[in-house]
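Peer 1: Supplied in structure tokens, the structure appears directly below.
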Amino acid sequence: RFTLDLDVIAPLKKETFLPVLVDPSHSTGRAEMVPFAAKAGIGAGAHGLLIEVIGENADPDTVLSDGKQGIRPSVLRELIREIR
């Protein structure tokens, strides 16, 4: 956790026929870092992303799981717009 090794994406893509996904939520552990890590993963060649999302008005301290690393739906919409 808290490490996103972008150097493994290209070799993985050569070794498997499966899609290579990046998990910017768990690799950063901080919601404010997720968009940057997501863009880096896509830029490094990942096929897709696995991102934790919490409710727009949810309190990150009280959600049942992954509150600190979950981004809001509005942030996800903007991220998708930027990486398309």
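Peer 1: Select, from ALA37, ALA31, the only residue that is without any contact (Cβ under 8 Å) to a residue 40 or more places away in the chain and closer than 29 Å to ASP61 by Cα. Walk me through it before giving the result.
Peer 2: On the way: ALA31 fails: without any contact (Cβ under 8 Å) to a residue 40 or more places away in the chain.
The unique qualifying residue is ALA37.
Peer 1: Restricting the search to the stretch 10-36, which residues are in contact with a strand residue (DSSP E or B) (Cβ under 7 Å, 6 or more places away or on another chain) and among the aliphatic types (A, V, I, L, M)?
Peer 2: Of everything in the stretch 10-36, those that are in contact with a strand residue (DSSP E or B) (Cβ under 7 Å, 6 or more places away or on another chain) and among the aliphatic types (A, V, I, L, M) turn out to be LEU21, VAL22, ALA31, VAL34.
Peer 1: Okay, next question. Going through the stretch 1-42 one residue at a time, which ones are touching a Leu at 6+ places or on another chain (Cβ under 6 Å) and not aliphatic (A, V, I, L, M)?
Peer 2: ASP23, SER27, PRO35
Peer 1: Mind listing whichever residues of the stretch 1-51 are assigned to a loop (DSSP other than H, G, I, E, B), more than 19 Å from GLU82 (Cβ to Cβ) and hydrophobic (A, V, I, L, M, F, W, C)?
Peer 2: PHE2, PHE17, LEU18, VAL20 - these are the residues of the stretch 1-51 that are assigned to a loop (DSSP other than H, G, I, E, B), more than 19 Å from GLU82 (Cβ to Cβ) and hydrophobic (A, V, I, L, M, F, W, C).
Read-outs: derived from the displayed coordinates by stated rules, not from any lab. This structure is a prediction, so every number in the text was calculated from the model and none was measured. Reconstructed Cβ throughout: ideal geometry from the backbone, glycine too, with neighbour counts over all protein chains shown.
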